[in-house]
Each structure stands twice: as C-alpha cells, then as structure tokens.
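Notes for the one structure printed next.
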Ligand code: GDP
Ligand code: IMO
Ligand code: MG
C-alpha cells in the first residue's frame, strides 16, 4: 500500500494580498526541508527583514535565506526571466548563493516581454474599469497557458526555442495591433534573454517528482502562496482578481501534490485589511484612521510602490476565506499598527437593508449590502518587543479571542513588527 501520511503544509493569504506571507514563511521555513511557490509570479512582493536588512522577493520562495532549506518554484508559477535574474543578482550581492538550493519546474510558464505589453494595452483600453494590474504580464501569460500557446521553462532547453519564441511574439504583435497602444520591448527583450541564459544554468526539473519523493522520504514541505484569497480567479472579487488559484487547492495543481497530501493550512491575515489596485473593498476607510494605518503600517506596494488602500477587518470575508481554504492555523500580523487608535472596528456582518446576509454578496462590485461594525476596546503601547501572549494588552487578547471564536480556528502565530524576531507562537 502506498503511504500518503506525510503531508505538505500550505501558507497563504486570506485577504487581498500583502498579509505578511513572506515574513512568516521565512520564520516557519526553519522547520521545513523545502519551501515552494505554487502560483502567481512577479506580481507578488514578499518582504523579509532581519539583521537590519530588508529584501523583497517576487519569484523566489521566502525560504531562500535558510541555507538548509531547498526552495522550489513550482509549475503553477509564471516566471519572468528578466525579473528572476535581477532577484538572483540581489541575493548574490547580499552574500546568498541562491542557485545552490533552488529548483525550478520545467512546467512553469514563461512571461514574455510581449505579455507585459499586452497587459499594459489591455489595462489602457479598459480606462476607468481597469483591474489595477501590477503590469507584470501575469494575465496574458496565464491566458497563453490555458489557451495552450504558452512557452514553458523546459522549452528553453530545446534547440528550436528561439523559433518558438519568435512565433509566439508574432502572435502577440498581431494582438497588440488590435489595441491603439504604443510599446517598445527591445531593451526589455535583451535583458529577458540574459535571464533565459541564467535559467539554463539553474536546476530545471520535473518538480512534481521531486516534491512527492521528498514527501515519500518523510521530509517536510511548506507551500507558499502569493496574492490572497479575495484575489483568487474563481473565488475572489472577480473581475478585480489575479489570474491564478491563490487558494489551498492551487497548491495541489501548482506543485503536483495530491489533495490527500495536504496537511496544515496556515491562513495569514492582517489585523485590519488592505487592498492595492481597483475593485470593491467594503470596509475601506477614507478618513484619518485609514491614513494612519497607511502611515504607521507603511502600506505601500512592495512590487509597484502604489499606496495600499486601508480599512477595518472584514470578518465575513475572512470566514469565507477560512472556508474555501480549509484553514487549520491562523496567523495574525500587524496588530502593532493599530496600537494607540481611539477605536478599533471590525465588520461582523453584511446587511442588505433590514436583511442580514448569510453569505458574502455574489458580486461585491454591484451590491447594496453594507458591512455592520462592532467596536472593540483599543490597545496601546509599543508591541514590537512582546514575545509572550501573556504580555499582550488585555484589549488585544480580547480581539484575538473574538476572532478565534468567530472563525473557529486558533490563531497560532502573532506577528507584531516587520522583523524576523518579532513573532509570537501562542
Ligand atoms: P506579503 O506579500 O504577504 O509577503 O506581504 P508584503 O511583504 O507585501 O507586505 C507586508 C508588509 O508588512 C511588509 O512591509 C512587511 O515587512 C510588513 N510586516 C509584516 N508583518 C508585520 C507586522 O506584524 N507588523 C508590522 N508593522 N509590519 C509587518
Ligand atoms: P503578494 O503575493 C497585493 C493585485 C493587483 C491588482 C490585481 C491583479 O505580494 O501578496 P495582476 O498583476 O495579478 O494582474 O494584478 O491583483 N495583486 C496584488 N495585490 N499583493 C499581491 O501579491 C498582488 N498581486 C497582484 O494590485 O489589483
Ligand atoms: Mg506583497
């Protein structure tokens, strides 16, 4: 009989991204043999801070700073070789030897320079209804994957790669002519091909075999999600979403790990909510509280530098995220940012007129339903130095108890600052 008892754990975002996944993976990775990305691409920006240094990873898993951990970019990821090369160079400059412990799936799709042009052209043509994409070519690259046109990392090893690149480029050039959009990819293309050269030196493998072998051997694997549940292509606030499955099921298709081999699901959420780009955000704040969250929480996009929109925690949305992911362990970040507020609020229900909704509205973009808030006693003081739950302010403990009660899942980890050392296991 095959033994499926050793399972991979998944860590993912429960909101609209930027929940602090990178920081938490960096910490948890110490306990794992492998850290792997399963979806998304360089639209992600995962920030790690330690020893006074700060890094933002886009493609490479957040286990890369742990020398004993293998890192894998899975088949569900879309890779831009130019960005990949830049990331590798930054890591090398920081004294890390990233290619030593890094594997890349042959089946991961490539983002071409012309995918970026198509992304920009599509967004420009949408005007006010634009998605607010990071313009990294994510949507067009996944379209070519599902449309069965895309190029994969494994293809770079084939002798006819240049011709296949050219054929796909010409298809894109035809598509781009349908838009009234000026673009010039020549500089980027040169850097892109340098990235392809670097990829040829990397360990490009059939990674589904590697991951399953590791699990067979009793090794531990952590899968790192990008974006967040409300940006999921199926369950997010469509069409204001990204183009991949960000939920736990995405770890199965994005790594080749079967559902009966998924163990814990760590769901990361901020003590409040942020969103970058367009789309509905019912608990968004347009007042001083929102501005203060942005300032104190340094809520600026790690990939695009755009200001993040800020608002209160949305419990119905969080409940939904817990449900579709099967979250077993919650991780709460950034409660330190709310310290010293005059009031802390949480949306606890949605009401449409007098009616309380049992579920999130089907189309959050077009709904008359509104969140109903509950106020919590605020907490104060500098929380960044706290390392034990017993030392938390009572008001923060009540906040945590309430969320656990509502979600019926324990908060196992609390992050109270950007640094690696600022973490509390409950
Ligand atoms: P990710 O995309 O989920 O990895 O998150 P990002 O890196 O895009 O954004 C999270 C930001 O919050 C980064 O700047 C982190 O350094 C920072 N951060 C993470 N956890 C905490 C925390 O508990 N408190 C504070 N103040 N900052 C945090
Ligand atoms: P991490 O992994 C926050 C948002 C974009 C835009 C929408 C679609 O750092 O949490 P895309 O470039 O995918 O076509 O953009 O999704 N978005 C993110 N927002 N964090 C991310 O990643 C994001 N990746 C994409 O702002 O609204
Ligand atoms: Mg981010």
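With 129, 146, 229 as the choices, which residue is surrounded by 14 or more Cβ atoms within 10 Å (Cβ to Cβ) and closer than 30 Å to residue 18 by Cα? I'd like the intermediate steps shown before the answer.
Details: 129 fails: surrounded by 14 or more Cβ atoms within 10 Å (Cβ to Cβ); 146 fails: surrounded by 14 or more Cβ atoms within 10 Å (Cβ to Cβ).
Going through 129, 146, 229 in turn, just one is surrounded by 14 or more Cβ atoms within 10 Å (Cβ to Cβ) and closer than 30 Å to residue 18 by Cα: 229.
When you check residue 404 against the structure, is it within 16 Å of residue 320 (Cα to Cα), within 28 Å of the chain's Cα centre (by Cα) and in contact (Cβ under 8 Å) with a residue 40 or more places away in the chain, yes or no?
Taking the combined requirement at face value, the residue satisfies it.
Residues in region 66-74: is at least one closer than 17 Å to residue 245 by Cα and within 15 Å of the chain's Cα centre (by Cα)? If you could, list the steps in order and put the result at the bottom.
Looking only at region 66-74, we keep the residues that are closer than 17 Å to residue 245 by Cα, and these are 73-74.
The next check asks that each one be within 15 Å of the chain's Cα centre (by Cα); those that pass are 73-74.
Yes: region 66-74 contains one or more residues that are closer than 17 Å to residue 245 by Cα and within 15 Å of the chain's Cα centre (by Cα).
Would you mind finding the one in 346, 300, 331, 322 that is closer than 27 Å to residue 238 by Cα and surrounded by fewer than 16 Cβ atoms within 10 Å (Cβ to Cβ)? Outline the logic, then answer.
Numbers: 346 fails: surrounded by fewer than 16 Cβ atoms within 10 Å (Cβ to Cβ); 331 fails: surrounded by fewer than 16 Cβ atoms within 10 Å (Cβ to Cβ); 322 fails: surrounded by fewer than 16 Cβ atoms within 10 Å (Cβ to Cβ).
Matching residue, one of 346, 300, 331, 322: 300.
Of the residues 309, 294, 298, which is at positive phi and within 15 Å of ligand 2 (Cβ to nearest atom)?
Details: 309 fails: at positive phi; 294 fails: at positive phi.
Only one candidate passes the filter, namely 298.
For region 250-265, how many residues meet the condition of being crowded, with 19+ Cβ neighbours inside 10 Å and either free of Cβ contacts under 8 Å to residues at least 40 places away in the same chain or within 14 Å of the chain's Cα centre (by Cα) (or both)?
Number of matching residues: 4.
Do you know which of the residues in region 12-36 that are within 11 Å of residue 63 (Cβ to Cβ) and touching a helix residue (DSSP H, G or I) at 6+ places or on another chain (Cβ under 8 Å) is surrounded by the fewest Cβ atoms within 10 Å (Cβ to Cβ)? Steps first, please.
Taking region 12-36 as the starting set, the residues that turn out to be within 11 Å of residue 63 (Cβ to Cβ) are 22, 25-36.
Right, trim to touching a helix residue (DSSP H, G or I) at 6+ places or on another chain (Cβ under 8 Å) and you get 33-36.
On the way: 33: 17, 34: 24, 35: 26, 36: 30.
The selected residue is 33.
When region 252-268 is examined, which residues are found to be within 17 Å of residue 44 (Cβ to Cβ) and away from ligand 1 (no atom under 16 Å from the Cβ)?
Hits for region 252-268 are 254, 255.
From the list 317, 335, 342, 321, which one is modelled with pLDDT of 95 or more, within 23 Å of the chain's Cα centre (by Cα) and away from ligand 1 (no atom under 16 Å from the Cβ)? Lay out the reasoning, then the answer.
On the way: 335 fails: away from ligand 1 (no atom under 16 Å from the Cβ); 342 fails: within 23 Å of the chain's Cα centre (by Cα); 321 fails: away from ligand 1 (no atom under 16 Å from the Cβ).
Answer to the check: 317.
Looking only at region 53-69, decide whether some residue is crowded, with 24+ Cβ neighbours inside 10 Å, within 12 Å of ligand 2 (Cβ to nearest atom) and closer than 20 Å to residue 325 by Cα.
For region 53-69, residues crowded, with 24+ Cβ neighbours inside 10 Å, within 12 Å of ligand 2 (Cβ to nearest atom) and closer than 20 Å to residue 325 by Cα: absent.
Could you check how many residues of region 377-400 are under 13 Å from residue 339 (Cβ atoms) and surrounded by 14 or more Cβ atoms within 10 Å (Cβ to Cβ)? I'd like the intermediate steps shown before the answer.
Of the residues in region 377-400, the ones under 13 Å from residue 339 (Cβ atoms) are 377-386, 392-393, 395-396, 399.
Subsequent filtering for residues that are surrounded by 14 or more Cβ atoms within 10 Å (Cβ to Cβ) retains 378-379, 383, 386, 392-393, 395-396, 399.
Total satisfying the criteria: 9.
Quickly run through region 118-154 and pick out the residues that are over 26 Å from residue 202 (Cβ atoms) and in a loop (DSSP other than H, G, I, E, B).
Matches in region 118-154: 130, 131, 132, 133, 147.
Give region 32-77 a look and list any residue that's within 12 Å of ligand 3 (Cβ to nearest atom) and under 20 Å from residue 219 (Cα atoms), or say none.
Initial filter on region 32-77 (within 12 Å of ligand 3 (Cβ to nearest atom)): 40, 42-48, 56-58, 62.
Answer for region 32-77, where residues must be within 12 Å of ligand 3 (Cβ to nearest atom) and under 20 Å from residue 219 (Cα atoms): just 62.
Wholly within region 1-64, which strands (runs of 3 or more DSSP E) include no fewer than the required count, namely at least 3 residues that are within 28 Å of residue 119 (Cβ to Cβ), within 11 Å of ligand 1 (Cβ to nearest atom) and touching a residue at least 40 places away in the same chain (Cβ under 8 Å)? So that I can check it myself, show each step before the final result.
Numbers: elements: 8-13, 34-37, 46-50, 53-57.
Per the criteria, 8-13, 46-50.
Given the structure, is residue 317 touching a residue at least 24 places away in the same chain (Cβ under 8 Å) and surrounded by fewer than 16 Cβ atoms within 10 Å (Cβ to Cβ)?
no
Could you check region 85-96 and list, in sequence order, the residues that are in contact (Cβ under 8 Å) with a residue 40 or more places away in the chain and more than 14 Å from residue 190 (Cα to Cα)?
Passing the criteria: 88, 94.
Taking only region 254-276 into account, find how many residues are touching a helix residue (DSSP H, G or I) at 6+ places or on another chain (Cβ under 9 Å) and closer than 26 Å to residue 123 by Cβ. Quick ask: steps written out before the conclusion?
Applying the first criterion (touching a helix residue (DSSP H, G or I) at 6+ places or on another chain (Cβ under 9 Å)) to region 254-276 yields 255-259, 261-262, 265-275.
From the residues that got through so far, the ones that are closer than 26 Å to residue 123 by Cβ too are 273-275.
Total meeting the criteria: 3.
The values are calculated or read from the model by the stated rules, or taken from the named source; none is laboratory data. Just so it is clear, the model here is predicted, and its values are computed rather than measured. Positions of Cβ are generated from backbone atoms using ideal geometry, with glycine treated the same way; all protein chains shown enter the neighbour counts.
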